[in-house]
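K.L.:
Quick one: structure below, then a few questions.
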Amino acid sequence: MQQAIQEHQAWKVNGFVMLGVGLATFVLGLLLLLLSGSILGAVFFVVTGLIGPGFVMVQPNEARVLIFFGKYTGSVREAGFFWVNPFTIKKRVSLRVRNFNSEKLKVNDAAGNPIIIGAVVVWKVVDSAKALFDVDNYEEFVAIQSETAIRSLASRYPYDSHADDVPSLRGIPDEVAETLKREVQERLEVAGVEVIEARISHLAYAPEIAQAMLRRQQAEAIIAARKKIVEGAVGMVEAALAHIEGQNLLQLDEERKAAMVNNLLVALVAEGDAQPVINTGTLYS
């Protein structure tokens, strides 16, 4: 079973203090060798040589991961000049915020239509030990897992939908972005990575069906618009009849009501301007 590794602070001392100690041992060793030829001078030189490899400089938003003979001994996240165990290997891990821009991927959406989708993922390392030891290459891991999450997301939603109860990639961009962020975060948790934002940056139908789907979208949009127009017209006709009957303006039988409904609907639904008809006779002639 793989051992779980959690980042913890490494032992360190002020680098300038140890720099002074190193200079002091060097000077003492040099004086002892020149003045007396004592073996103690050689010992001071050895000590100086051991102090030298322990110096490490950490920049802001950077971590140094320390490895002592194959064992993780801690991380230095504080910016500054320090001295650590000189026998450790010091691996640098950037904690800065970074962007991953995916390639434009060809995926089938929930309706089976081929689409081209791309996304941008904003991320940073929050656990340097996990990033370095739990995955082989955390930057490559972020890229592969992000693209996998994008493909998975695209297959769960249709590209577009005119139905209010059917979510789509174009219809609910904020919800889709939140879903993508959550899925990418779940995949990158093992690498000690935090996803700050994930959002679709490119979305289009595949070239081979783009024209056909554009015509389909236009047809669906026209149908949806006509449906709204008819619903609104029926409501207006109902209101008009109710107003006429409520005010006792006219007494209409069922046949005349049907004729009025027909005329009103034609006037309200017609794409062109309605032509008025002036009746100079009676209502029933």
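The values are calculated or read from the model by the stated rules, or taken from the named source; none is laboratory data. All values reported here derive from a predicted model rather than from experimental measurement. Note: ideal-geometry Cβ built from the backbone for every residue, glycine included; neighbour counts use all protein chains shown. To get the accessible areas, we keep the full protein, side chains included, count just its heavy atoms, and leave off ligands, DNA and RNA. Shrake-Rupley method; radii C 1.70, N 1.55, O 1.52, S 1.80 Å.
K.L.:
Looking at the stretch 75-107, which of its residues are part of a loop (DSSP other than H, G, I, E, B), under 30 Å from Ser152 (Cα atoms) and polar (S, T, N, Q)?
P.N.:
Ser102
K.L.:
Would you confirm, using the coordinates I've provided, whether Gln185 is under 11 Å from the mean Cα position of the chain (by Cα), under 30 Å from Lys71 (Cα atoms), part of a helix (DSSP H, G or I) and free of Cβ contacts under 8 Å to residues at least 60 places away in the same chain?
P.N.:
Criteria met by Gln185.
K.L.:
List every residue pair whose Cβ atoms sit under 7 Å apart, with the two residues 6 or more apart in sequence or on different chains, where the first one lies in the stretch 114-130 and is over 16 Å from Val193 (Cβ atoms) and the second, anywhere, is in a helix (DSSP H, G or I) and hydrophobic (A, V, I, L, M, F, W, C).
P.N.:
Listed by first residue and then by second, the contacts come to Pro114/Ile209; Ile115/Ala154; Ile117/Ile150; Ile117/Ala154.
K.L.:
Of everything in the stretch 144-179, what is more than 17 Å from Ala111 (Cβ to Cβ), hydrophobic (A, V, I, L, M, F, W, C) and buried (at least 16 other Cβ atoms within 10 Å of the Cβ)? Give them in sequence order.
P.N.:
Ala149, Ile150, Ala177
K.L.:
So, of the residues in the stretch 20-73 that are at pLDDT 90 or above and among the small types (Gly, Ala, Ser), which turns out to be nearest to Glu7 (Cα to Cα)?
P.N.:
Ala63
K.L.:
If only one of Arg92, Arg77, Arg96 is open to solvent by 40 Å² or more (accessible area, probe 1.4 Å) and in contact (Cβ under 8 Å) with a residue 60 or more places away in the chain, which one is it?
P.N.:
Just a single option satisfies the conditions, and that option is Arg77.
K.L.:
Do you know which residues across the stretch 35-74 are open to solvent by 70 Å² or more (accessible area, probe 1.4 Å), over 29 Å from Ala129 (Cβ atoms) and part of a loop (DSSP other than H, G, I, E, B)?
P.N.:
Within the stretch 35-74, Ser36 is the sole residue that qualifies.
K.L.:
Here is a follow-up. Only one of (1) within 30 Å of Gln6 (Cβ to Cβ); (2) touching a residue at least 12 places away in the same chain (Cβ under 8 Å) fails for Arg156. Which number is that?
P.N.:
(1)
K.L.:
To continue, here is another question. Among the candidates Val135, Val122, Val107, single out the residue that is at pLDDT 95 or above, under 28 Å from the mean Cα position of the chain (by Cα) and open to solvent by less than 50 Å² (accessible area, probe 1.4 Å).
P.N.:
From the options Val135, Val122, Val107, the qualifying one is Val122.
K.L.:
Give me the residue from the stretch 5-34 that is loosely packed, with under 12 Cβ neighbours inside 10 Å and touching a helix residue (DSSP H, G or I) at 6+ places or on another chain (Cβ under 9 Å) and, out of that set, nearest to Asp134 (Cα to Cα).
P.N.:
Within the stretch 5-34, the match that is nearest to Asp134 (Cα to Cα) is Gln6.
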